[in-house]
Every structure is written in C-alpha cells, then in structure tokens.
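Heads up: the structure comes next, in structure tokens.
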Amino acid sequence: MIAAHQLTNLLASSIPDTVTLESLLNEMINRDVLTRLPRPAYLCHQFSSYNRRSVTPTDPDGWFAGGDSGHFLYTEKIEGRDEWVLMDHRGPGSVVRIWAPDVDEGEIIRFYLDGKEKPAIEARMINLVTGADFIGPPFAYTSVRAGNLYLPIPYAKSCKVTVDKKPFYYHINYRAYKEGTRVCSFTMGDFEAAKGTVQRVGEHLAAPISFCGGKTANADTTIEPGDSVSVPLPPGPVAVRTLHIRVLAPNSEQALRSTVLQMECDGERTIWCPVGDFYGNGVGLNPYQDWYRTVRDDGEMICRWIMPYKKSAQISVSNLHEDPVKLQLAAHTGAWDWDDRSMHFHANWRQQCPIPTLPSSDWNYITIDGQGVYAGDTLAVMNPEANWWGEGDEKIWVDGEEFPSHFGTGTEDYYGYAYGGGSTDLYQKPFHAQVRCGQKATFGQNTQTRTRSLDAIPFNRRLQMDMEVQHHVSCNVGYAAATYWYARPNAASNRGDSSHEADRPIPEPDISEQEAMRKSKRYT
C-alpha cells in the first residue's frame with residue numbers, strides 16, 4: 001500500500017496552462033479532479049448512430065425508434081474517396097471515448113484535426129478500438145463483443161472523424177472546451193514522446209491503489225433490524241479517500257439491498273444508497289474491480305471515490321432487513337483544501353418493479369438541480385424472460401437543452417459491450433463492467449456499471465439521466481439504478497429515502513405472470 005503523503009504527492013496536480021495528451025492522461029488517474037468544478041471548463045457531448053427519426057418525445061414512434069445503425073452526419077469526397085462523417089466539432093476539445101461493436105467491416109477511421117487535409121490518426125477501425133493498433137489495453141480493448149477506446153485525442157481548433165464505408169453502430173464522447181482554451185493537438189510524434197506516461201497511467205488503471213493513510217473512522221458491530229449505527233468523521237476540511245465495508249448476514253443478497261449507506265456532509269445528506277448497489281453489485285455480492293471500486297469474494301467492498309467536506313461529516317448505516325447484520329466499516333480520511341470549486345460526492349438509488357415494457361418509456365435514473373459533474377451509475381435489471389431486455393437508449397439532458405446531448409444506441413452499448421441478448425459473459429474494465437448476468441439470454445438478475453473519468457459530464461443548472469425501457473417481448477421488468485455525482489453545496493435531486501423499496505424482497509421473475517401475458521393480445 002502507498003503511504004498517505006506519497007499518495008498526496010502522486011495525485012497533486014496544477015491546472016495545466018495548455019491541455020495536452022499528457023495532461024489528459026495524468027487526469028485519468030487523478031481522482032481529485034472530479035471533486036472540483038472543471039478548469040479549464042468544458043462540456044461533454046456525444047455523437048452516435050442513433051436513429052435520426054428520434055426528434056421529439058411528442059412523437060413516440062420516432063422517439064423510441066430502433067434501427068440505430070448506419071446513421072451519420074453527412075458524406076464528402078476526400079482525395080477521390082467517399083467518407084462518412086461520424087463527428088464534426090468546431091472549437092477546442094478532445095475525444096475521450098469511442099465505442100463500437102467488434103464487427104470487422106474493413107473500414108478505415110480517420111481523425112482530421114484543425115482543418116488539416118492529412119489525418120492525425122488513420123487506422124483500421126476494428127484494430128483501433130480493440131487495442132490491436134498503436135494503443136493497447138487498458139486504453140483500447142475488447143469487452144463483450146465490443147471495442148472501447150479511452151485514449152484522449154485533444155485538438156486545438158476542430159475535429160472531424162470519418163470512415164470510408166457506411167458506418168455501423170458507434171459512440172464518440174468528446175469534450176468541448178471554451179473558446180480560447182489552449183489545447184495542443186494530438187500527433188503521433190507526441191504519442192511516441194508520451195509512451196512513458198502512457199505506461200505509467202496504464203499500470204495505475206490496471207491495478208488501482210487504495211489510500212490507507214491519514215485518520216481512520218471504524219465500526220465493527222451488529223446492527224439489529226430497524227437500527228442504525230453512525231460513524232463520526234474528523235472535523236473538516238477533510239476528504240474520505242477510501243471506504244471499506246463488509247456486511248455479513250444469513251441472507252446476504254437481501255442484506256446487501258436492505259442495508260443502507262447514508263452520509264451527511266456540512267449539514268446536507270449526500271448519500272442514500274443500499275450498500276450492495278453503492279459498490280456496483282446490483283443484486284448480491286459480485287466480485288470485480290474497476291478504477292473506483294473493488295468487491296472481493298470474502299465480502300469486503302472498497303470504494304475509492306473522493307468525498308470532501310468543509311466542516312463536518314458522518315457516515316451512517318441502517319438495517320432495514322428482518323435479520324441482524326454484522327457490519328465492518330473503515331473510512332480512511334486525509335486533509336483537504338476546500339475552495340470555491342470543491343464539491344460534495346453524492347450517491348442515490350431508485351428501484352421500480354414492475355415496469356411494463358409496452359409501451360416503450362423513458363425511465364429516469366435521476367434529475368439533479370444545481371452545479372456539478374455526473375460521474376457514473378449502476379443498473380440492476382430483473383429480466384423475467386429469456387429474451388433481450390436492453391434495446392433502450394440513454395438520453396442525458398444538460399442545462400435545459402432542447403435535445404439530449406447524449407443519445408445512445410442501446411443499454412449495453414452505454415455500458416461498453418454489445419449484442420447483450422446474445423451473450424451472458426461477464427467482464428471488468430477500469431471504467432465499466434458487467435458483474436452479473438442471468439442465464440439463457442439474460443433471464444433473471446443482471447448488473448452493469450459505468451463510471452466516468454475524462455467523459456464525466458459537467459452541468460451548471462440541471463442534469464437529467466434517462467434510459468429507455470425496451471424489451472424484445474412484452475413483459476414486466478424490474479430496474480434499480482444507483483447514481484454517482486459531485487455537486488456544489490445546496491444541490492438537490494429527485495432521489496431521496498427509498499426505504500420502502502430497499503426493505504422489500506428482491507424482485508424475482510414471476511413465471512406465472514409471464515405465462516398469462518403470453519396468452520394476452522399485448523404479448524408480441
């Protein structure tokens with residue numbers, strides 16, 4: 001383990017005068033960055049192949065249209081060849097994530113930066129996004145049937161991304177910096193010069209370090225049904241840097257859902273979330289590791305979200321379960337410089353079951369009012385059918401925009417894999433994972449999680465995160481979503497105490513109900 005003062009020195013960073021490949025790489029492993037309003041300021045947007053029939057919620061047929069492949073911005077001729085334009089952004093920015101199915105169409109992807117005629121990157125698309133070209137894991141790799149590229153590609157004036165065949169499915173997430181922000185555009189020469197940084201950052205992403213210095217607040221106790229235990233934290237300004245929790249009970253699945261983590265910072269409740277969902281498990285204990293969390297098969301769960309506060313804070317754990325639970329908790333804290341950009345960490349949870357899959361609907365994870373940064377989510381799905389449940393697209397609205405700046409192509413695409421109904425494989429990567437999957441075409445309990453680093457989404461007034469509910473058949477599903485975000489003091493959301501959902505039995509498939517629906521006219 002690394003000592004407290006060593007970690008502080010490792011993570012310390014000044015605001016760069018110029019955004020560069022190296023500054024963005026270093027930001028990927030600096031968890032402190034998300035805790036403050038971004039500087040230089042940026043917006044995070046997304047280009048994707050969503051169906052262009054989706055224009056307005058007032059037209060349900062178009063708004064929930066499938067067929068999200070093959071869509072693009074426009075075509076143009078470059079050096080005598082046709083090229084399909086996937087992204088065209090004018091202004092300083094950086095590509096921060098590309099997702100695409102690992103289907104080899106033979107297309108060449110090109111990145112034209114700052115209006116130059118020659119591309120800064122030219123590669124076979126399948127090779128680039130799966131780690132078979134100049135950059136490999138953990139920046140580019142294959143998850144379940146999909147390629148993911150997390151190498152930042154900064155540009156000073158503009159970025160145009162094209163392919164030389166009609167595109168299939170794709171997402172491109174990018175930062176749009178304010179005009180006047182100094183950005184050093186990506187070159188292969190700069191990439192070669194940064195190989196030492198690439199290696200160091202890759203090692204940290206693959207083997208994240210858990211802070212274990214500073215002061216520790218502990219609890220080792222049994223919580224009776226209906227009771228709570230509170231753990232006071234040191235006076236601020238302080239940040240919780242690592243939170244270890246283990247919950248032991250005869251019915252561990254129900255205990256992880258009915259044991260609730262709460263936190264208050266500076267007089268505001270910032271966390272209300274079942275312990276299992278907070279750590280990305282969904283239903284049950286599902287061992288995995290990403291950049292922010294580790295879940296071990298012995299029941300120990302570790303989170304590395306940084307949770308600052310200015311004056312005071314306390315952690316509470318409540319047992320809504322009918323049986324006693326054994327709680328072991330350790331919160332490691334370190335000094336913090338609270339300033340006018342510092343934010344509190346929030347985690348919230350919502351569950352609904354049943355949800356009818358017809359007609360299609362937008363299911364709201366959370367709506368936040370205030371100023372902050374959206375940092376990720378976990379979705380647990382109870383699927384009562386041996387058919388694919390995740391055709392729905394994410395729609396993320398920021399600061400009252402007329403059309404969502406993130407409009408996706410499928411729930412599994414949002415979580416970094418592809419063709420979810422055709423696979424029950426699990427995977428874990430630094431910023432996304434599928435930790436549980438039902439058997440036989442995802443029948444039963446499913447959990448996927450995604451956290452954000454360079455693709456975090458800032459908002460100045462409001463953020464709304466929705467996911468379409470779309471299934472291959474008509475049935476009643478169950479959704480439970482945990483959301484993770486940072487915000488300046490006095491931010492609020494539409495998610496609060498959900499004890500009535502956390503203490504209910506975990507939803508399970510009702511076979512008799514589905515048999516009845518098969519006989520009804522609305523089953524398709």
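Okay, here's what the table says:
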{"quantity": "Kirkwood Rh in Å, taken over all unlike Cα pairs in region 4-206", "calculated": "18.1 Å"}
{"quantity": "The chain - percent relative contact order, Cα under 8 Å, separation 6 or more", "calculated": "18 percent"}
{"quantity": "GluC sites (Glu not before Pro) lying in DSSP loop within region 373-448, provided at most 15 other Cβ fall within 10 Å", "calculated": "GLU401, GLU402"}
{"quantity": "Pairs from LYS77/LYS160; LYS215/LYS311; LYS77/LYS116; LYS157/LYS195 whose Cα-Cα separation, in the structure shown, is over 19 Å", "calculated": "LYS157/LYS195"}
{"quantity": "Value of relative contact order over region 39-122, rounded to a whole percent, pairs C-alpha under 8 Å and six or more apart", "calculated": "16 percent"}
{"quantity": "Summed side-chain charge close to ARG269 - residues other than ARG269 whose Cβ falls under 14 Å, Lys, Arg +1, Asp, Glu -1", "calculated": "-3"}
{"quantity": "Residue order, fewest to most surrounding Cβ atoms within 10 angstrom, among PHE168, PHE64", "calculated": "PHE168, PHE64"}
{"quantity": "Rg to Rh, two decimals, where the chain supplies the alpha carbon set and Rh follows Kirkwood", "calculated": "0.96"}
{"quantity": "Region 4-206, relative contact order in percent, only Cα pairs under 8 angstrom and at least six apart counted", "calculated": "30 percent"}
{"quantity": "Relative intensity, log₁₀ I(q)/I(0), of region 296-380 from a Debye sum that treats every alpha carbon as a point, q = 0.10, 0.11, 0.12 Å⁻¹", "calculated": "-0.44, -0.53, -0.63"}
{"quantity": "Region 116-201: GluC sites (Glu not before Pro) in DSSP coil with no more than 12 other Cβ atoms inside 10 Å", "calculated": "GLU117, GLU179"}
{"quantity": "Zone residues, region 143-187, relative to GLU76, backbone N less than 13 Å from point 7 Å out along Cα-to-Cβ", "calculated": "158-163"}
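Values quoted throughout were computed directly from the atomic coordinates according to the rules given, and no laboratory measurement underlies them. Quantities reported herein were computed from a predicted structural model and do not represent experimental measurements. Every residue, glycine among them, receives a Cβ derived from its backbone with ideal geometry; neighbour counts consider all protein chains shown.
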